[in-house]
Amino acid sequence: MATKTSDLLAVAAPRTVSVVRAITDDQLDLPTPCPDYRVRDLTNHLYDVVVNFQALAARQAVDWSAKPDHLTPGWRDGFATEAGRLVEAWADPAAEEGVSPGMGLPQATVGLMGLIDLVVHGWDLARATDRPYEPAPEVVAAGHRFIDEMGPMARQMGAFGPEVTVAPGCTELDRLLARAGRDPSWVA
């Protein structure tokens, strides 16, 4: 039985997986829209996201300070496998119930946090490696709902940068990125 979060992740994950699979070794040192991250660093971080949010779905403790290098032989397939496990982990209806013991937030909010990381960082990597990236409208809408709820706290904690001004009539994805502190017109 799927949950709303797993349905959204099931739509979002393949699009991000295709971006990650397309990263070539010679692109790993390129800059990204995240000023402190090169493609290699951001890919490792996103790998941590898909693994750690599996544990969060099961209300297990995670260690965000551990920084393993996931970019070992077979890492692209490994990322795809872990992204699939992320979707499966949030398909358990219990994953969205109650409050996260480690984060003190509703589990449903934690699930959306994982979704927005997958989408925004998927866009970051696509932009850095000159790939197309267009998340589904329902995923973008869920991202806006998350930012409505958690944006100020996320900025305070440094997860989002300051909101970026975008032109009227921009796309909903551009507006979401700007709300998450990204410049939708960023180029390397």
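Considering Ala188, Ala108, Ala126, Ala141, the condition of being open to solvent by less than 20 Å² (accessible area, probe 1.4 Å), hydrophobic (A, V, I, L, M, F, W, C) and in contact (Cβ under 8 Å) with a residue 12 or more places away in the chain is satisfied by Ala126 alone. Annotation note: Cβ proximity below 8 Å between a residue of the stretch 31-50 that is among the aliphatic types (A, V, I, L, M) and a residue that is part of a loop (DSSP other than H, G, I, E, B) (sequence gap 6+ or interchain) occurs for Val39/Ile23; Val39/Leu28; Val39/Asp29; Val39/Leu30; Val39/Thr32; Val39/Thr129; Leu42/Thr32; Leu42/Cys34. Scanning the stretch 59-68 for residues being within 29 Å of Thr24 (Cβ to Cβ) and loosely packed, with under 11 Cβ neighbours inside 10 Å gives a total of 3.
Taking the condition of being hydroxyl-bearing (Ser, Thr, Tyr), open to solvent by 10 Å² or more (accessible area, probe 1.4 Å) and part of a helix (DSSP H, G or I), how many residues in the stretch 28-53 meet it? Residues in the stretch 28-53 being hydroxyl-bearing (Ser, Thr, Tyr), open to solvent by 10 Å² or more (accessible area, probe 1.4 Å) and part of a helix (DSSP H, G or I): 1 in total. The set of residues from the stretch 12-27 being touching a residue at least 40 places away in the same chain (Cβ under 8 Å), farther than 17 Å from Val49 by Cα and assigned to a helix (DSSP H, G or I) comprises Ala22, Gln27.
The values are calculated or read from the model by the stated rules, or taken from the named source; none is laboratory data. Only a predicted model underlies this, so the values are computations on that prediction, with no experimental measurement involved. Reconstructed Cβ throughout: ideal geometry from the backbone, glycine too, with neighbour counts over all protein chains shown. We work out accessible area using only protein heavy atoms, side chains counted, and drop any ligands, DNA or RNA first. Shrake-Rupley method; radii C 1.70, N 1.55, O 1.52, S 1.80 Å.
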